[in-house]
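The values are calculated or read from the model by the stated rules, or taken from the named source; none is laboratory data. As the structure is a computational prediction, the values presented were derived from the model and not from experiment. Heads up, the Cβs are rebuilt from the backbone with ideal geometry, glycines too, and the neighbour counts pull from every protein chain shown.
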Amino acid sequence: MRKKVVDGVSWIGKIDWEIRTAHGKEYSTHKGTSYNAYLIEDEKTALVDTVWEPYADEFVANLQLEIDLDKIDYIICNHAEPDHSGALPALMKLIPDTPIYCTKQATMSLPGHYHQDWNFRPVSAGDTLSLGKNTLTFQPIPMVHWPDSMMTHLSGKNILFSNDAFGQHYAHELLFNDLADQCTLYEEAIKYFANILTPFSPIIKNRIVDFLATALPVELIATSHGILWRKNPEQIIEQYLQWCDAYQEDQITIIYDSMYNSTKVIAETIARGILQHSPATQVKLFHAAKADKNDILTEVFRSKAVLMGSPTFNKGPLSSLSALLEEFRGLKFMGKKASAFTSYGWSGEAAKEMLAQLVDAGFTTTDEGFRVHWRMDTEERAKALQFGVDFASATF
Ligand code: FEO
């Protein structure tokens, strides 16, 4: 069923209320998601993107209820990832000669996925395609977040079809940001940026600057996931520029795992020390093996500094911490401070190991971490408290 975006532009995607992980099991989608595709009906008709493969047949059947497929003059493929291009094979079986406008990189990645030699029309920045009254202008945005990514602007309606950029994994039947829960929208938007786009932050900043330099007017941003930005669409562009720029809030996040609560008590004692020095700072604690990985990474993205705590186990940290440290390395957080702590019985390497990995991931460290032999006694509790005070003092 189509939903009206504006006169002449319809949403024709799939709202996926059921999905709980995306990218395989890599990204938690607590609020579901949507795969947004759009039909633009002018003197010519253009389809912008499709949906994820499991919904391909449903998508094509719905599209056939809305329009004679032979009336689709152009397909715009802003991104080759299968959550947006996944219905192309089913669709192209029915309209095999329809031209597909996409980046040069997508003319390689689409055949890489589907092994079909469709009628590709590669486009470059600023290329246009007239639909009659209104015109599409193409703006490739390589590495936001794939080499083949692109945005497409529709004149007259002043809609920016931004694909993954500015999206969120948030299922919502009413489509528009002014009709969505604002807290959920913000939480899902920042989680999306933190977990997917952070490694490309400097590139994203340049791509946004490039797009703003085109001076193309934007009254609505039509994303490929989640909510469309209809009310004050500039807000998400401005927010992205902040998130791209070594973003941090007044927050310290403590992430720990614990076998017999010794490391947990260190974490809570250090937290008290931080708050003693800096009472207004948001201090958040997460058990690495119990909290959602992507939620933790979002909190790290928000933080000025991070503390990692683990019992020493097989001469290193527990696997829950190691997995997060590997995520840190890939996500390339910028401008954040870090330290580590461990409770140990005989060797105690976990803090040193984690510090080395934090430095390798781009965090700055100013101490050698904190170690406790077995469980803390009164004297060591005072030292842990002081460690928190000193860590906060070095952070702020
Ligand atoms: Fe939503 Fe990069 O695919």
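Here are some notes:
- Taking the criterion of being buried (at least 24 other Cβ atoms within 10 Å of the Cβ) and either near the ligand (Cβ under 10 Å from one of its atoms) or of a type in the set (Ser, Thr, Tyr) (or both), the residues of segment 70-82 that qualify are 78, 79, 80.
- Restricting attention to segment 336-360, the residues that are touching an Asp or Glu at 6+ places or on another chain (Cβ under 9 Å) and either free of Cβ contacts under 8 Å to residues at least 12 places away in the same chain or not in a helix (DSSP H, G or I) (or both) total 3.
- Qualifying residue in segment 211-218 (condition: within 30 Å of residue 277 (Cβ to Cβ), in a helix (DSSP H, G or I) and out of contact with any Gly (no Cβ under 7 Å at 6 or more places or on another chain)): no
- The condition (being away from the ligand (no atom under 16 Å from the Cβ), at pLDDT below 95 and either surrounded by 17 or more Cβ atoms within 10 Å (Cβ to Cβ) or farther than 24 Å from residue 143 by Cα (or both)) is satisfied by just one residue among 92, 1: 1.
- Listed by position, the helices (runs of 4 or more DSSP H) contained in segment 223-308 that have at least 1 residues being within 16 Å of the ligand (Cβ to nearest atom), more than 25 Å from residue 378 (Cα to Cα) and modelled with pLDDT of 95 or more are 234-243, 293-302.
- Flag if residue 364 is closer than 21 Å to residue 277 by Cα and exposed (fewer than 15 other Cβ atoms within 10 Å of the Cβ): yes
- If you go through segment 5-31 and keep only what is more than 13 Å from the ligand (Cβ to nearest atom) and more than 16 Å from the chain's Cα centre (by Cα), you end up with 5, 6, 7, 8, 9, 10, 11, 12, 15, 17, 18.
- Condition met for residue 44 (charged (D, E, K, R), within 14 Å of the ligand (Cβ to nearest atom) and touching an Asp or Glu at 6+ places or on another chain (Cβ under 8 Å)): no
- Listed here are the helices (runs of 4 or more DSSP H) enclosed by segment 1-109 that have at least 1 residues being in contact with a Gly (Cβ under 8 Å, 6 or more places away or on another chain): 56-66.
- Scan of segment 110-155 for residues that are over 28 Å from the mean Cα position of the chain (by Cα) and either on the phi > 0 side of the Ramachandran plot or not in a loop (DSSP other than H, G, I, E, B) (or both), ordered by number: 115, 120, 121, 128, 129, 130, 132, 135
- Residue count for segment 271-299, restricted to those that are within 20 Å of residue 390 (Cα to Cα), of a type in the set (A, V, I, L, M) and in contact with a helix residue (DSSP H, G or I) (Cβ under 9 Å, 6 or more places away or on another chain): 5
- Taking segment 147-166 as the range and being within 16 Å of the ligand (Cβ to nearest atom) and over 14 Å from residue 224 (Cα atoms) as the test, the residues that pass are 147, 148.
Quick grid of which residues meet (1) among the hydrophobic types (A, V, I, L, M, F, W, C); (2) in contact with a Phe, Trp or Tyr (Cβ under 9 Å, 6 or more places away or on another chain); (3) buried (at least 23 other Cβ atoms within 10 Å of the Cβ):
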residue: 192; (1), (2), (3): no, yes, yes
residue: 201; (1), (2), (3): no, yes, no
residue: 210; (1), (2), (3): no, no, no
residue: 227; (1), (2), (3): yes, yes, yes
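- Of all residues in segment 245-293, those satisfying the criterion of being among the polar types (S, T, N, Q), touching an Asp or Glu at 6+ places or on another chain (Cβ under 8 Å) and within 16 Å of residue 310 (Cβ to Cβ) are 253, 263.
- Test: residue in segment 185-200 that is more than 14 Å from the chain's Cα centre (by Cα), of a type outside the set (Ser, Thr, Tyr) and more than 14 Å from the ligand (Cβ to nearest atom): no
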